[in-house]
Amino acid sequence: MSFLHPLILTAGLAALSIPVLVHLLRRRRKPIPWAAMRFLQEAVRQRRRRLRLEQLLLFLTRCAIVLLLALAVARPVLGGRPGSARPTVLVLAVDDSIASAMTDAAGRTALSRSIDRARRELDALRPMGGDRVGLVTLGAPGDALVWPPTGDVDAVRRALDRLQPTDSALTLAALRGAMGEIESPEGTPEDVVLRVVSDWRGADTERLFAGGAIAGVARAHIDPPGPATDRPNVGIRAASATNPTILGESGATALAPPTQVGVTLIRADTADERLVDIEVIALPGGSIAGRGQARFAPGRDDAQASIALDDAAFSPGRGGRVALEVRLPNDANPRDNTARAVLTVRRELRVGVVERPPLAGSEGVAPGVWALAALTPDARAGVDAFRIDPASLASLPAASVDALVILEPARLGREGWARARELLARGGLVAIAPDADASAPNWGAALTDLTGARIALAPGAPIEADTRLSTRTAPAGVLAGLAGEFGTLARAVGVRRMMPLEPGAESTATLRTEDGRVFLAEAPGPDGRGVVVVFASAFDLAWSDLPARPAFLPVMQETVRRGSGLGVDTAVTAGRSPGDDALIDRWTYDAELSGRPQPPGDPGARSGVLLGVGQDGVVVRSVAVNPDAPAARTTPADPDALRAAAQAALPAAELRLGAPGDGDPDAAGAIARATPAGDRLALALLAVAAVLAVLETLIARAASHPEGGLS
């Protein structure tokens, strides 16, 4: 026999001291003699034996009443789990993934039902008999909430009460790590029982159990998949802005297209056409920055939308950041209806044009003159462009510029290329065009090193082109915003000389010529931050007439605006790491940019905005943690696939698909019978206590009226 409330039993046993103290104190009283006492003493002596018997019965009856009440209120449990001769270590693995937020017709979540099932498992434990319990959650990255296993069942109940659905997919990572840490008391063999509580929605069970065998489990009870549901569910799969940086001065963005946010939605059902309303909120501040709709075509489970934003709604928060919170109307699962994208709001961009100052009396227009004119056509541009001598680039702090336009790469030394690499690590832009007066490039190796071989120069000297920019292929990458008008702008652009560029698999051929050669290529920096843009032609009319054409202004503006800051403010799916960064000292959630205070627990499990702070306290970068919408599917897993995957992961365990008590001929009855039998015993104890209470009243009355005795 064990008890559901051992602490109450302990308090009841402690209460036994009350009648003991009363009995002892009554015996310590000293009578004060007086003249007529000798007659009373003579009468007491005649009844002493009967009085002692009455006091002893009264004392024992009161102790029995206290003990029986304590046993009944502590709620005894008879029987227990199979193998009850040995202590049980129960490992509760509760599904708090994003799919557990799915609500039924009554509004209850799958997680609340899982918590109820987990509580029933706790009711059958025998802490007084050495049983222990540990609690592990399955929402990635997972958390061992109560570990190592403990006999304090109430602590596990309190942890269950605090559980909330995460925004991430199912994972067994925390469970695998915890199972290797179970330590049994020396000389005490234990029965390790794994209980996985889940509805198994949105789970890729084959991949979930594919991380290798889980050792140390004697028996495993895994919930079968829940019933199918017809409740519709739509989630946000991705949300991203066209610009990583917003120039905040009034009128500064007049030369740039409006910022847009692209949204990709996913749904569970694909039967009919459906329109979904989308709202974009600018945080902090909470102003509405844009509205739009996405259309699901019949038979499709995905839909896209592009929403133009009102830059006036942006009010920058910590580190000059703005979070765009994309919202959907509530449906069956509210956890996948919100996603974020983070932008940096700047007063202006600082761009260094790396070229020697033109010599007095030199013929023609220097490439840097064309570049500076395109970058700063007037005060509305929001770009501060200035010339930097190639020899001086090594002494320029990388943090002092947002972009470098290198027009004389052949004159750049090793220190200059190192400075360009530092700028990429900070998310800056490095744009390179060949030297106008060079007959052959000598910086191919430096380019390969800078881009990690994502863009390379083909062997050979600059070649004659005699072609035009293609108007049939829409520009990609940083120039994607010009797709609608570039055909008209590029129609008159002729190319006479160009470098042979070889973009790699991770690079983009942003512009091509009519004969298919790459005119402009871009690639991310070596560590995934920043962007390198390489022009095949110099900014010189002997190479191309692009600098003198209207297309040059939007090409330079778009390259700098959309290329500066790429990879600094990024997004990850909930449950995944934001990555390592040597510039970051710590990650911290920002409540204003997240839209709500972040609950305790692993920060990667719930959506929000993480800020990476350097040792100097300055915000270096941000990461928007967004819900794992595909993991919120409403379709339950296949039972046969679940059983096969679980058996492969638990080869040494006795596996049953179902909770103890759900048709289990061996284990089911023990737990199912344990609590009702204990309840009947508790009622019997209360009945006996009531009889003894009546008897105690009679004994007390007899003791107070010695002339009548017990009669």
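Worth pointing out:
- Computed over the stretch 479-611, the quotient of the alpha carbon radius of gyration and 2.2 N^0.38 Å is 1.43.
- Accessible area (Å², 1.4 Å probe, nearest 10) - ILE463: 60 Å²
- Potential lengthening of the chain between THR588 and ARG347 amounts to 84.2 nm, from the contour at 0.36 nm per residue minus the alpha-carbon distance.
- Computed about its Cα centre, the charge dipole of the stretch 120-227 is approximately 160 debye, with only Lys, Arg, Asp and Glu carrying charge at their Cβ.
- Cα centroid of the stretch 556-625 to Cα centroid of the stretch 111-186, whole Å: 31 Å
- Rounded to the nearest 20 debye, the dipole size of the stretch 419-577 about its Cα centre is 360 debye, using +1 on the Cβ of Lys and Arg and -1 on the Cβ of Asp and Glu.
- Residues SER287, SER395, SER622, sorted by accessible area with the largest first, give SER395, SER287, SER622 [1.4 Å probe; ligands and nucleic acids excluded].
- Viscosity 0.692 mPa s, temperature 37 °C, Stokes-Einstein D of the stretch 370-444 from Kirkwood C-alpha radius, µm²/s: 248 µm²/s
- For the stretch 342-347, 3J(HN,Hα) computed residue by residue from phi via the Karplus equation (6.51, -1.76, 1.60; θ = phi - 60°) reads 10, 10, 9, 9, 10, 5 Hz, glycine and proline entered as x.
- In this structure, the amide hydrogen of ALA238, modeled 1.01 Å from its nitrogen in the peptide plane, lies closer than 5 angstrom to those of THR264, counting only residues at least 5 positions away or on a different chain.
- Amide H to amide H distances under 5 Å link ARG346 with ILE246, LEU247, GLY248, where only residues 5 or more positions off or on other chains count and H is placed in the peptide plane.
- MET128 - accessible surface, heavy atoms, 1.4 Å probe, Å² rounded to 10: 130 Å²
- Using the Karplus relation 6.51 cos²θ - 1.76 cosθ + 1.60 with θ = phi - 60°, the per-residue 3J(HN,Hα) values for the stretch 292-298 come to x, 9, 10, 10, 8, 7, x Hz, with x marking Gly and Pro.
- Across the stretch 312-389, Cα pairs under 8 Å and at least six residues apart give a relative contact order of 28 percent.
- The 3J(HN,Hα) values that the Karplus relation (6.51, -1.76, 1.60; θ = phi - 60°) gives for the stretch 640-647 are, in residue order, 5, 5, 5, 5, 5, 5, 5, 5 Hz. Gly and Pro appear as x.
- Calculated log₁₀ intensity ratio I(q)/I(0) where the Debye formula runs over C-alpha points of the stretch 92-150, q = 0.13, 0.16, 0.26 Å⁻¹: -0.40, -0.57, -1.07
- Ranking by accessible area, most exposed first, for ARG387, ARG491 with a 1.4 Å probe: ARG491, ARG387
- With the whole protein complex present, LEU479 retains an accessible surface near 0 Å², based on a 1.4 Å probe.
- Computed about its Cα centre, the charge dipole of the stretch 538-607 is approximately 240 debye, with only Lys, Arg, Asp and Glu carrying charge at their Cβ.
- Mean shadow area of the stretch 494-540 over all directions, Cα convex hull, nm²: 3.6 nm²
- Between the amide H of GLY525 and those of GLY530, VAL531, VAL532, distances stay under 5 Å, these residues lying 5 or more places away or on another chain, with hydrogens modeled in the peptide plane.
- Relative contact order of the stretch 481-580: 25 percent, from C-alpha pairs under 8 Å at least 6 residues apart in sequence.
- Going by accessible surface with a 1.4 Å probe and the largest first, SER607, SER17 read SER17, SER607.
The values are calculated or read from the model by the stated rules, or taken from the named source; none is laboratory data. Predicted model only: the values in this text are computed from it and were never measured. When we count neighbours, we look across all protein chains shown, and the Cβ atoms used for this are built from the backbone with ideal geometry, even at glycine. With ligands, DNA and RNA removed, areas are computed over all heavy atoms of the protein, side chains included. Shrake-Rupley method; radii C 1.70, N 1.55, O 1.52, S 1.80 Å.
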